[in-house]
Amino acid sequence: MAGSREPLPVELGALYTVEERLETFRVAHCSWPFDSGPCTPLKMAEAGFYFCGTDRAPDWVRCVVCHHDMEGWEATDDPRSEHKKHVPNCGFLKIKDPYKITVENVLDLEKKALETFIQKEKRELEKQMTAMVEGMKEQLAHAAAEAKTNAQNT
Ligand SMILES: [Zn+2]
């Protein structure tokens, strides 16, 4: 199949094209603070970021691959360098030209994104389990202390 190195049609792989990510900056509540310089929506999209902003975090973006959240952008920030600084081995940064993303790239990125997601979930689950165990220990200690007090009182 000769098509595997063709640029990816937009309908495959959500937010994997620059244009799709740029589109996320066009939502009604987006008032991106920079329309010139290195930190424009286009530069953000080219660096793998899409817009997640809210009223409280108007410049919140997330990487489509490593899912790293970033905000607090300054007019002189270069999105790609910042991305690299925070997540040096993000799979997105290994793509040389974000406009020529291939099906192969997307499959690879999907895999990496999934791995990142699983690791995040795993850490979250571990945190919850630890908290649960700690809670149970406390309850047990409490129950043991109560039983002791009851035993002494009888
Ligand atoms: Zn990334």
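Only Lys, Arg, Asp and Glu count, each charged at its Cβ (+1, +1, -1, -1), so figure out the dipole size of region 2-121 about its Cα centre, rounded to 20 debye. Mind dumping the intermediate values first?
Values: 15 positive and 21 negative charges, 66 e Å.
In total the dipole reaches around 320 debye.
Taking θ = phi - 60°, what integer Hz values does the Karplus form 6.51 cos²θ - 1.76 cosθ + 1.60 yield along region 134-147, in sequence order, with x for Gly and Pro?
Values per residue, Gly and Pro as x: 4, x, 5, 4, 4, 4, 5, 4, 4, 5, 5, 5, 5, 4 Hz.
By a straight-distance test (C-alpha under 23 Å), which lysines pair with K85 as possible cross-link partners, with residues fewer than eight away in the same chain excluded?
Those lysines meeting the cut-off are K43, K94, K96, K111, K112, K120.
Give me a comma-separated list of calculated 3J(HN,Hα) values for region 110-118, in order, Karplus coefficients 6.51, -1.76, 1.60 applied at θ = phi - 60°, integers in Hz, x for any Gly or Pro.
Here the 3J(HN,Hα) series is 4, 4, 5, 4, 5, 4, 4, 4, 5 Hz.
Can you run phi through the Karplus equation (6.51, -1.76, 1.60; θ = phi - 60°) for region 96-106 and list ³J(HN,Hα) in whole Hz, with x for Gly and Pro?
6, 10, x, 8, 10, 7, 9, 4, 4, 4, 5
Find which of V65, F34, A75 sits farthest along the positive direction of the dipole of the chain, computed with +1 on the beta-carbon of Lys and Arg, -1 on that of Asp and Glu, about the Cα centre.
V65
Distances longer than 29 Å among the Cα atoms of the chain: what percent of all pairs is that? Working shown, then result.
On the way: 4335 of 11781 pairs.
More than 29 Å apart: 37 percent of the Cα pairs in the chain.
Multiply the residue gap between A144 and M132 by 0.36 nm, knock off their C-alpha separation, and tell me the result in nm, one decimal place. The partial results should precede the final answer.
Working: separation 12, 0.36 × 12 = 4.32 nm, distance 1.82 nm.
Between A144 and M132, full extension yields an extra 2.5 nm.
Near the amide H of F25, under 5 Å away, which other amide H atoms are found, from residues 5 or more places off or on another chain, if H is placed in the peptide plane?
So F25 has HN proximity to F51.
Values quoted throughout were computed directly from the atomic coordinates according to the rules given, and no laboratory measurement underlies them. The shown structure was predicted, so the numbers you read here are calculated from the model rather than taken from an experiment. Cβ sites come from the backbone with ideal geometry, for glycine too, and all protein chains shown count toward neighbours.
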